[in-house]
């Protein structure tokens, strides 16, 4: 079966979730385009979107409509060519809604797993729970044809475990999109030893069509992306706890979030990133990876305490950020959660955060926020100059930032040494494309 | 058209800011003022400069596509919202795509010249940030021929049209040569706009404008032969001024020294169902300018202030040739040498032009006339051109569509 035949009937499990909805969106757009190619005239396309949460499926509809319209608006040049023989479609005003309609025409939505029975490809994007995933994969394998292939979006569970426990004979591959799938350019591809070659080829072709940058990671829990993110975050928590002795825990969290954003020139501070991913999701990654990796403690009691208190972060249906380690106002951090008091301590530039800013100290010369450097063709030179100046500084902020940079580099190096990543370049590629860092962790700045 | 038997003056100009991307106060997702605000803002600023609005005999409003951008027709009936004294007076809306403003000026002049009115309030307005650029491109596409051109046109229809012109010029005169001229045009436009607090590029702080202008075109994301810096942006704004007879000036209490005189004009309209015969020439612009030169007995050597319709950098270069300031094919070199800069050989688009100031399409022609008033009466602030006695005239070109509906105007300070 070739790629285009497989694409004719695809199912997405967990389609109403954050990752599932994004994957559904990308596939719907791709199938709408395929459907309109002259050579595919008369071919039936089906994208089955399945989720246990019926209410969330309502939200999925709204999300897909808005996002498909955006895709249509961004790819109008291609669409005008695609619809060039449709005389009734003249303006962009005609063409973009037609594309959205065509995408919706392939979509079927339900809570019933049986919808997937004719699918040649199944994307699995349910919550990060091994037993649930195995259970679903087993059910699907009984339901679908024996040549159906499975792409799992797991970000941390080893693929060979899923393959063995669900008895899939290598018809599974890790296709790890980054959040949100429609924006993030990266997909991590993880084959287990048994993964059949056709599945690898299918995945590469799919990535190409979706214009994703592929990095192959080896089948070790956490892979590259979460392998780095998990340890990077745990380091920040441990540093925040050390700082807590002098500045209280909210103070420590404030400092680490600020230096990891500003002095490491990243798009978000580390605690903001954990909130973005979801404190509960982050804890789940931590538990999963910890259970497969020996000789390293990757658990953190603070995460459990946060989750127990239901301080979870994550996003609302409209994409806005929920409060987690930090409190958000208009999407920007505005306070820190004080776990002992069970309330947020609001930033006060004239008071406690102002004091902490003084302790962090001046930023070295050549400092630019991440956003300023993002499109700057001279960003490498500017970063180089900035980190040189950072090393010469004797402030608390500079010391913490340098330790953080060093740790990040060590994590990256360890991912290569332990054969999670095939090269330092792959580690850097993941952080550049999946996390929008301006530089890879394995660098010469430190 | 014959030269009017009596003198027609322009005075009391006002431009709003040109709002759109680039302005600090612009945010695509936040609410913005609408059509009514801009019409009233510009209109009231004009009224504030005269003794009594009761003396306004009629109003002309130039606009291109409010029917689609703002779902509003009957724009003439918005003029009375400016001031109660304008209620029940005769008002007219005129349209000629992006050349609407030029037609607004022409219509006003005709009315004064015919002695039907002594004082005409002329307004030009467009509020087009109501749609994303990809849809705005459809709406502006109405300046071409919908039936024969839109289906096969580019997603960004007008950039596509002028991209074809640029492509033809690359072929004829060389890619590097043309691109350098276009990048120089962009640089000059932004540098001029930085002196004009109302300009859309006033807040532009980019370091190397020429390098930005040289960005290679990317056909996958945009059109084949232009980059985004070659294009004027999407703008909201309005301009207004008064056209008056000599008696009219007295009636509204404006001193002649604060007015400019219309010494020549010409309008040429070409068949919109046809494409230009030679993409490297703006033949309709050439015709309109010739008419204005003939009516005034002047030529390029008499002009000290030049306002060209540079909706695209390539359009600016081709207009420079069509107006006779340089020979065919030489505009790029001329601009690269800085000869169109402020107070060089011919000060061109001193307030930023369409690329630097902004381009509220239907209002742009009126904006150009307002700038001519400011320049010739020496009220142009940091954008002021030094007016030499041997070149005391200002020339402006207002163009609609792909060189289809063009009005040229020549002014001098009233004496």
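Under the simplified labelling scheme, the residue A:86-residue B:132 pair shows an inter-label distance of 1.7 nm, with each label point 7 Å from Cα along Cα→Cβ. Taking every DSSP beta bridge that has both ends in chain B, the antiparallel portion is near 70%.
Taking label positions 7 Å along the Cα-Cβ direction at both residue A:305 and residue B:344, the computed distance is 6.8 nm, reported to one decimal.
Rounded to the nearest 0.05, what FRET efficiency do residue B:228 and residue A:37 have when you use their Cβ-Cβ distance and R0 = 45 Å? Efficiency, from the Cβ-Cβ distance: 0.90.
For segment B:84-206, what does the alpha-carbon gyration tensor say about shape, rounded, prolate or oblate, given a ≥ b ≥ c as the root eigenvalues, a/c under 1.5 as rounded, and a/b over b/c as prolate? Prolate shape, in that a/c is at least 1.5 and a/b is the bigger ratio.
Put in line by how crowded their Cβ is, counting other Cβ atoms within 10 Å and starting with the fewest, A:276, A:282, B:202, B:393 read A:276, B:202, B:393, A:282.
Convex hull volume of the C-alpha atoms in segment B:223-350, normalised per residue: 169 Å³. Between segment A:303-357 and segment A:16-85, the C-alpha centres lie 35 angstrom from each other. Considering only B:38, B:156, B:146, the mean-square fluctuation computed in a Gaussian network model of chain B, springs between alpha carbons under 10 angstrom, is largest for B:146. For segment A:1-108, just say rounded, prolate or oblate: build the C-alpha gyration tensor, square-root its eigenvalues into a ≥ b ≥ c, call rounded for a/c under 1.5, and beyond that prolate if a/b exceeds b/c, oblate if not. The shape class here is oblate. Percent of Cα pairs in chain B per distance bin of 20 Å, from zero to the largest separation: 30, 61, 9. Where both bridge residues fall in the protein assembly as shown, DSSP classifies roughly 55% of the beta bridges as antiparallel. Residue by residue along A:68-79, Cβ atoms of other protein chains within 10 Å of the local Cβ number 3 on average.
When only alpha carbons are used to place a centre, segment B:133-196 and segment A:364-417 end up 41 Å from one another. Binning the C-alpha pair distances of the protein assembly as shown at 10 Å intervals from 0 yields a P(r) profile of 2, 12, 18, 18, 17, 15, 11, 6, 2, 0 %, listed from the shortest bin outward.
Computed as a quarter of the hull surface, the mean projected area of the alpha carbon convex hull for segment B:1-119 stands at 8.7 nm².
Once you sort the root eigenvalues of the Cα gyration tensor of segment A:322-446 as a ≥ b ≥ c, which label holds: rounded (a/c under 1.5), prolate (a/b larger than b/c) or oblate (the other case)? Here segment A:322-446 falls in the prolate category. Taking 7 Å steps out from each Cα toward its Cβ at residue B:147 and residue A:346 produces label points 6.4 nm apart. Put in line by how crowded their Cβ is, counting other Cβ atoms within 10 Å and starting with the fewest, A:386, B:158 read A:386, B:158. Ranking of A:219, A:357, B:138 by neighbouring Cβ atoms within 10 Å, starting from the fewest: A:357, A:219, B:138.
Highest GNM mean-square fluctuation among B:139, B:397, B:116, for chain B modelled with Cα contacts below 10 Å: B:116.
The alpha-carbon atoms of chain A define a convex hull whose volume equals 151 cubic angstrom per residue. The simple Förster model, with R0 at 51 Å and r as the Cβ-Cβ distance, assigns residue A:62 and residue A:391 a FRET efficiency of 0.55. Between residue A:114 and residue A:317, what's the calculated FRET efficiency when r is the beta-carbon distance and R0 is 41 Å? Round to 0.05. According to the calculation, E is roughly 0.90.
At q = 0.09, 0.13, 0.15 Å⁻¹ the log10 of I(q)/I(0) for segment A:225-434 amounts to -0.35, -0.77, -1.03, computed by Debye summation with a single uniform scatterer per C-alpha, solvent ignored. Across all Cα atoms of segment B:287-415, the radius of gyration (one decimal) and Dmax (whole number) stand at 13.3, 38 Å.
The length gained by stretching the chain between residue A:201 and residue A:362 to full extension, at 0.36 nm per residue less their Cα-Cα distance, is 52.8 nm. In terms of Cα atoms, the Rg and Dmax of segment A:3-217 work out to 16.8, 53 Å.
Applying 0.36 nm per residue to the separation of residue B:415 and residue B:257 and subtracting their alpha-carbon distance, the gain on full extension is 56.2 nm.
A helix-only calculation puts chain A at -16000 deg cm²/dmol for mean residue ellipticity at 222 nm, using -39500 (n - 2.57) for each DSSP H run of at least four residues, averaged over all residues. Among A:100, A:62, A:122, the largest mean-square fluctuation in a Gaussian network model of chain A (Cα springs under 10 Å) belongs to A:62.
In segment A:3-217, what percentage of the DSSP-assigned beta bridges are antiparallel, given to the nearest 5?
Values: 4 of 29 bridges.
Just about 15 percent of them are antiparallel.
Here, each number is a calculation from the coordinates, and none is a lab measurement. Bear in mind the structure is a predicted one, so any value in this text is a computation, not a measurement. Positions of Cβ are generated from backbone atoms using ideal geometry, with glycine treated the same way; all protein chains shown enter the neighbour counts.
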